[in-house]
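Visitor: Please read through the structure below; I'll follow up with questions.
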Amino acid sequence: MTNHPPSQRRRFIASLAALVGSAAVPAWAEKLQAIGAPQRFDYAALKGQAQALSRRPYQKPRTALPKEIEALDWDAYQAIRFRPDHALWRDDKLRFQAQFFHLGLYFKSPVRLYELADGQAQELAYMPEMFDHGKSGLDHAKLPRDLGFAGFRLNFHTDLQRDITAFLGASYFRAVGGEWQYGLSARGLAIDTGAPKPEEFPDFIGFWLERPAVGSNSVTVYALLDSPSVAGAYRFVITPGDTQVMDIDAALYPRTTIDRLGIAPCTSMFQTGENDRRMGYDWRGEIHDSDGLAMWTGSGEWIWRPLTNPRQLAFNAFQDHDPRGFGLLQRDRDFDHYQDDGVFYEKRPSLWVEPKSGWGPGSVQLVEIPTVDETFDNIVAFWNPARKPEAGEELLLGYRLYWGAQPPAQPPLARCVATRTGLGGVIGKKRTYFSWRFAVDFAGGDFALIGPNAAVTAVVTASTGARIETTSARPLHAVRGFRALFDVVPTASTDPIELRLYLSCDGQSLTETWLYHWVPPAVAERTLY
């Protein structure tokens with residue numbers, strides 16, 4: 001990448017104008033610089049590029065950085081700020097602007113960034129003067145001109161101080177809804193997550209940012225993905241709002257058979273909550289970006305699976321055919337439950353995945369990994385097709401992501417609003433054996449139609465190795481709903497127990513289906529108090 005002196009830069013701009021015909025010189029040319037000549041580009045060309053890439057041996061991205069950048073710690077890296085006056089489209093009177101991330105810390109693989117306008121893609125050059133290096137200790141005069149970028153973020157005209165979405169690191173990206181709060185992340189693809197072999201993390205190695213039309217509330221981003229197992233082409237149509245929508249098309253070209261392909265992966269964090277206090281040592285009552293996995297199956301069943309922080313990696317697969325949607329949600333939005341006035345967990349967005357066409361047979365898979373604190377993402381959910389992708393084929397996928405407080409699809413039945421657990425037994429009576437109590441609250445749906453004499457029952461089942469007792473369902477006026485209570489009596493085994501619950505009235509289901517993965521403690525740890 002070359003830094004053009006003023007005289008050469010004027011010639012560069014004139015040449016650029018000639019290359020694109022009668023089109024006006026883009027406003028970014030006054031603040032940014034380009035690499036090479038513009039090239040024709042569209043989604044079909046990107047798919048061809050990805051397919052051609054998949055036919056070549058995989059090349060690991062360059063990760064060697066100058067020693068002063070390698071030495072950056074968290075605080076030093078955070079001190080590096082992009083200068084807004086260098087933002088892409090800043091002076092074009094559009095509703096979007098793009099700013100770029102500096103390499104360093106965890107982000108060591110450069111990505112290539114392009115502006116796409118009128119069917120022509122122009123690569124953007126890294127310049128140290130794009131960034132305010134603050135107290136990072138970096139001297140921009142000593143930084144190489146070909147360093148490259150780590151990623152980018154988008155700003156919307158309604159608030160140019162805060163970004164609406166960011167693509168940074170591997171194939172990770174995240175977005176906000178109307179509460180302007182980042183939380184969980186999405187990925188382009190997950191490979192062998194939770195499998196008995198090392199996980200593979202594909203990278204987005206190039207992005208094409210299409211200049212939006214004047215007055216448009218949507219912006220289109222293209223991405224090229226690469227990894228040892230697969231190459232892929234992605235198109236994102238991003239529309240900010242109280243619920244931000246990303247309309248995604250993807251074309252995947254495997255280099256080899258992929259044992260566990262994760263489509264539309266959602267990545268989140270769960271340390272502790274009202275249902276799982278194993279890591280509840282903090283003064284805050286709950287610490288999580290998401291509190292449950294929601295699923296709307298192809299058959300129409302609504303399922304809620306509370307998240308946990310297990311002692312050992314936990315893996316669950318929920319078989320389905322043509323799922324209507326799934327996602328990691330933050331249903332609990334009560335500040336009092338978190339008491340965190342710094343990161344505001346109650347404002348973290350939920351993320352809902354909606355397939356645009358039938359995905360066929362497969363499963364929604366959930367991986368829960370032990371974590372000791374909130375700095376590690378330990379939850380992953382994704383769709384895994386039943387048939388393993390093979391080398392040389394093309395997989396075409398389409399789905400939408402919804403980021404916001406509430407997903408666009410809601411169950412018509414009552415929803416689970418809380419899950420609490422603790423020692424079972426009868427208050428006032430001496431315990432002679434160990435049991436574990438579950439209190440599950442439901443609200444909404446048709447509960448308003450339930451009269452005082454209606455018989456509402458809790459239908460509870462457990463996998464082999466457990467006994468259910470003291471089951472009840474009773475009105476809970478505090479949530480205008482019902483609470484189900486039951487105890488689980490495990491055997492001496494510590495094998496996981498899968499629980500299933502819903503409320504019924506005279507055979508009519510009143511609630512979504514609640515599922516839970518419970519691992520009994522070792523016999524020596526089953527204190528009766």
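Visitor: How long is the gain from A79 to R324 if the chain were fully straight, where each residue apart is worth 0.36 nm and the alpha carbon distance is subtracted? Mind showing how you got there, number by number?
Guide: Details: separation 245, 0.36 × 245 = 88.20 nm, distance 4.30 nm.
Computed gain between A79 and R324 is 83.9 nm.
Visitor: Using a 10 Å cut-off on Cβ atoms, rank the peptides 193-201, 479-487, 139-147, 223-231 from the highest mean neighbour count down. Intermediate values should be presented prior to the final figure.
Guide: Working: 193-201: 14.2, 479-487: 20.1, 139-147: 12.6, 223-231: 22.1.
Answer by packing, highest mean first, reads 223-231, 479-487, 193-201, 139-147.
Visitor: So how far, in whole Å, is the C-alpha centre of the range 131-157 from the one of the range 387-434?
Guide: 40
Visitor: Grab the other residues whose beta carbon is less than 12 angstrom from that of R348, score K and R as +1, D and E as -1, and report the net.
Guide: Working: positive: R174, R331, R333, K347; negative: E179, E286, D289, D291, D332, D340, E346, E374.
My count for the surroundings of R348 gives -4.
Visitor: Compare the peptides 520-528, 152-160 by average per-residue count of other Cβ atoms within 10 angstrom and give them in order, highest first.
Guide: Details: 520-528: 12.1, 152-160: 17.3.
Output ranking for 520-528, 152-160: 152-160, 520-528.
Visitor: Over the C-alpha atoms of the range 419-506, what are the Rg and the largest Cα-to-Cα span, Dmax, in Å?
Guide: According to the Cα coordinates of the range 419-506, Rg and Dmax are 14.3, 43 Å.
Visitor: Sticking with this one: Solvent-accessible area per residue for the chain at a 1.4 Å probe radius, Å²? Don't skip to the answer; put the middle values down first.
Guide: Details: 23320 Å² over 529 residues.
It amounts to 44 Å² per residue over the chain.
Visitor: What shape does the range 383-439 take by its C-alpha gyration tensor, where a ≥ b ≥ c are the square roots of the eigenvalues and a/c under 1.5 counts as rounded, a/b above b/c as prolate, and the rest as oblate?
Guide: Working: a/c = 5.28, a/b = 2.10, b/c = 2.51.
Because a/c hits 1.5 or more and a/b fails to exceed b/c, the range 383-439 counts as oblate.
Visitor: Shifting gears a bit: Over the range 397-529, with every protein chain in place, what whole percent of the accessible area is carbon and sulfur at 1.4 Å, could you tell me? Spell out each step's value before the answer.
Guide: Numbers: 3670 of 6780 Å².
Roughly 54 percent of what the probe reaches on the range 397-529 is carbon or sulfur.
Visitor: Give me the distance between the Cα centres of the range 454-510 and the range 175-198, rounded to whole Å.
Guide: 32
Visitor: Can you match Cα Rg over 2.2 N^0.38 Å to one of these, (i) 1.08; (ii) 1.20; (iii) 0.93, based on a calculation from the structure here?
Guide: Entry (i).
Visitor: Which shape class applies to the range 190-263: rounded if a/c is under 1.5, otherwise prolate when a/b exceeds b/c and oblate if not, where a ≥ b ≥ c are the square roots of the Cα gyration tensor eigenvalues?
Guide: On the way: a/c = 3.42, a/b = 2.13, b/c = 1.60.
Because a/c hits 1.5 or more and a/b exceeds b/c, the range 190-263 counts as prolate.
Visitor: Name the trypsin sites (Lys or Arg not before Pro) in the range 331-413 that are in a loop by DSSP and that have at most 14 other C-beta atoms within 10 Å, would you? Intermediate results must be reported in sequence, preceding the final value.
Guide: Values: sites: R331, R333, K347, K356, R387, R400; in loops: R331, R333, K356, R387.
Here the sparse-neighbourhood loop sites are K356, R387.
Visitor: Related question: Hey, for a label at E129 modelled as a point 7 Å past Cα toward Cβ, could you say which residues of the range 141-174 have their backbone N under 12 Å away?
Guide: Backbone N within reach: 141.
Visitor: For the chain, with only Lys/Arg (+1) and Asp/Glu (-1) charged at the beta-carbon, what is the dipole magnitude about the Cα centre, in debye rounded to 20? Could the numbers behind the result be given before it?
Guide: Numbers: 56 positive and 61 negative charges, 97 e Å.
Using only the charged Cβ atoms, the result is roughly 460 debye.
Visitor: Among bridges DSSP assigns within the chain, what percent are antiparallel (round to 5)? Present the calculation step by step, with values, prior to reporting the outcome.
Guide: Working: 149 of 157 bridges.
The antiparallel fraction comes to roughly 95 percent.
Visitor: After finding the eigenvalues of the alpha carbon gyration tensor for the range 242-290, what semi-axes result from the square roots of 5 times each, listed largest first in whole Å?
Guide: Details: eigenvalues 245, 65, 8 Å².
Output for the range 242-290: semi-axes of 35, 18, 6 Å.
Visitor: Between the range 223-264 and the range 292-353, how far is it from one alpha carbon centroid to the other, in angstrom?
Guide: If you average the Cα positions of each part, the centres end up 21 Å apart.
Visitor: With runs of 4+ DSSP H residues as the only contributors, calculate the mean residue ellipticity of the chain at 222 nm using -39,500 (n - 2.57) per run, divided by the residue total and rounded to the nearest 500. Please report the intermediate quantities before stating the final value.
Guide: Details: 5 runs with 39 residues, N = 529.
Helix contribution divided over all residues of the chain: -2000 deg cm²/dmol.
Visitor: Here's another thing I want to ask about it. With a ≥ b ≥ c the root eigenvalues of the C-alpha gyration tensor of the range 319-424, is it rounded (a/c under 1.5), prolate (a/b larger than b/c) or oblate?
Guide: Working: a/c = 1.98, a/b = 1.75, b/c = 1.13.
Verdict is prolate for the range 319-424.
Visitor: Let me ask something else about it. Could you check how much of the accessible area of the range 179-279 is carbon and sulfur, as a whole percent, using a 1.4 Å probe? Write out the running numbers ahead of the final one.
Guide: Values: 1370 of 2820 Å².
Of the solvent-accessible surface of the range 179-279, carbon and sulfur hold 49 percent.
The values are calculated or read from the model by the stated rules, or taken from the named source; none is laboratory data. Computed from a predicted structure; not experimentally measured. Every residue, glycine as well, gets a Cβ built from its backbone with ideal geometry; the counts of neighbours run over all protein chains shown. These accessible areas exclude ligands, DNA and RNA; they are computed on the full protein's heavy atoms, side chains included. Shrake-Rupley method; radii C 1.70, N 1.55, O 1.52, S 1.80 Å.
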